[in-house]
Amino acid sequence: MQAHRVAAVFGATGVQGSSILKALLADGTFTPRAVTRNPNSEKALKLKELGAEVVQADLRDVPSLKNAMNGVEVVFGVTDYYSAQGHTSEILMGKNLVDAAIESDVKYFVWSSLPHTTGVSNGKYPNIYHFDNKAKIDEYLRDSKLPHSIVYPGLFSCNFGYLTLSPDSSSYNLTIPKYDLNSTQYFTWVERDLGQCVLALFKHYKDSSAGILDETFYAVSEKMTYPEFATVIEKALGKPVHCVSKPSSGMQELDDMYEFQSEFGMYPHTLALPDPRLERLGVKFSSMEMFAQEDLKKRFA
């Protein structure tokens, strides 16, 4: 009997990890192992009900990471800056992941990352730690020689605290801090698209003709300006959507992030999107129109 091919998913109860787990469970090629700090949480128990193996590990504890990757073929790795202690401790957590994967003889590692804003902006935006930390882990991963790919998602379309109903319920406001409304934004419907991107890489990484190893892929569903997005939302919700830029989000690092994205673009403007390499692997990206019709409509209409 053929041995199980096990895929470990870190951050399993988060938005990214749960998307990958659902794709793995629906596909059946790999036995999914959900890795979480609290295997008894409601979200973790739900994943167990769905058929995933759930194991405990902490990114600060290398032995627990090695235990979680025991017998694992492929890994999805992600770190959460906001659960780390201090601006740069996320870097150590990412390095621990890479080191444990190597020691556990993992065959292939997919890392979810973000661009190096300090470098891209020539030092203008040096304090967007949740971007730069991940980019520094990229460097460590590349130098490690662990077979890998890096995936760059766009802004999570599900983060919709900036869409609000007007007091008289006649319209919506799409309020974006520190953003030139003529600038493009890169969006990812994470729940629908990230999982299928990672699954496709897992399934094809051994195929040398696919050009997957040591490459960076863009898991971006669609790019558009915020006023264009407002038009898409308006069509789905059936009410006017007014797009406005406000002076601050109330958090300096997020303000810097939005300013960076507005000025430099989250990713190079010359990118072909959706990523044609992922499409060739069978990924069928969603549009923001689909997201608005199938997700936002349930939440707001």
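Every number here is computed from the coordinates shown, using simple stated rules; none is lab data. What you see is a predicted model; the values in this text were computed from it and never measured. Every residue, glycine as well, gets a Cβ built from its backbone with ideal geometry; the counts of neighbours run over all protein chains shown.
Going by the alpha-carbon gyration tensor, a ≥ b ≥ c the square roots of its eigenvalues, is the stretch 211-301 rounded (a/c under 1.5) or, if a/c is not under 1.5, prolate (a/b greater than b/c) versus oblate?
It is oblate, given that a/c is not under 1.5 and a/b is not larger than b/c.
Under the 0.36 nm per residue contour assumption, what length would be gained going from the current alpha-carbon distance of residue 85 and residue 60 to full extension?
Result for the pair: 8.0 nm of gain on full extension.
Check residue 54: other-chain or 5+ apart residues with amide H under 5 Å from its amide H, H built from backbone geometry?
Answer set, sorted by chain and number: 34.
Dividing the convex hull volume of the Cα atoms of the chain by its residue count, what figure in Å³ per residue is obtained? Walk me through the numbers before you get to the answer.
Values: hull volume 42.6 nm³, N = 301.
Each residue corresponds to 142 Å³ of Cα convex hull volume.
What residues qualify as long-range amide H neighbours of residue 88, i.e. H under 5 Å apart, gap of 5 or more or another chain, H built at 1.01 Å from N?
Answer set, sorted by chain and number: none.
How compact and how long is the stretch 82-121, expressed as Rg and Dmax of its alpha-carbon atoms in Å?
Calculated on Cα positions, Rg and Dmax stand at 12.7, 37 Å.
How far is helix 190-204 tilted off the main Cα axis of the chain, in degrees rounded to 10, range 0 to 90?
The two axes meet at around 30 degrees.
May I ask for the distance between the Cα centers of the stretch 186-200 and the stretch 108-152, given as a whole number of Å?
19
Less than 30 Å apart at the alpha-carbon level, and either on another chain or at least 8 residues along: which lysines does that give for residue 239?
178, 223, 284, 297, 298
Against the longest alpha carbon principal axis of the chain, how many degrees, from 0 to 90 and to the nearest 10, is the axis of helix 129-144 turned?
30
Among the aspartates and glutamates, which have Cα under 19 Å from the Cα of residue 235 when same-chain residues fewer than 8 positions away are ignored?
222, 289, 294, 295
Across the stretch 36-53, in residue order, what do the Karplus-derived ³J(HN,Hα) couplings come to in whole Hz, using 6.51 cos²θ - 1.76 cosθ + 1.60 with θ = phi - 60° and x for Gly and Pro?
Ordered by residue, 3J(HN,Hα) equals 8, 5, 10, x, 9, 5, 4, 5, 5, 5, 5, 5, 5, 4, 6, x, 7, 6 Hz.
Identify all aspartates and glutamates with a Cα-Cα distance to residue 124 below 12 Å; exclude those on the same chain that are fewer than 8 residues away in sequence.
256, 259, 263
Given only helices, namely DSSP H runs of n ≥ 4 each adding -39500 (n - 2.57), what is the per-residue ellipticity at 222 nm of the chain, to the nearest 500 deg cm²/dmol?
Estimated from H runs of four or more residues: -11500 deg cm²/dmol.
Find the relative contact order for the stretch 1-105 and round it to a whole percent, using C-alpha pairs within less than 8 Å whose residues are 6+ positions apart.
Rounded, it is 27 percent for the stretch 1-105.
Pairs of alpha-carbon atoms within less than 8 angstrom and 6+ residues apart define the contacts here; what relative contact order does the chain have, in percent?
Once divided by the residue count of the chain, the mean separation gives 17 percent.
From the phi of every residue in the stretch 11-25, what ³J(HN,Hα) in whole Hz does the Karplus formula 6.51 cos²θ - 1.76 cosθ + 1.60 yield, where θ is phi - 60° and glycine or proline is x?
x, 5, 8, x, 4, 5, x, 5, 5, 5, 4, 5, 5, 5, 5
Could you quote the convex hull projected area for the stretch 55-164, Cα atoms only and averaged over all directions, in nm²?
That works out to 8.3 nm², a quarter of the Cα hull's surface.
Magnitude of the Cβ-charge dipole of the stretch 6-300, K/R +1 and D/E -1, about the Cα centre, nearest 20 debye?
Around 500 debye, computed over the stretch 6-300.
Quick one: of the DSSP bridges fully inside the stretch 6-300, what percent are antiparallel, nearest 5?
Of those bridges, close to 20 percent are antiparallel.
Could you list which residues have their amide H under 5 Å from that of residue 31, counting only those 5 or more apart in sequence or on another chain, with H placed in the peptide plane?
5, 6, 7
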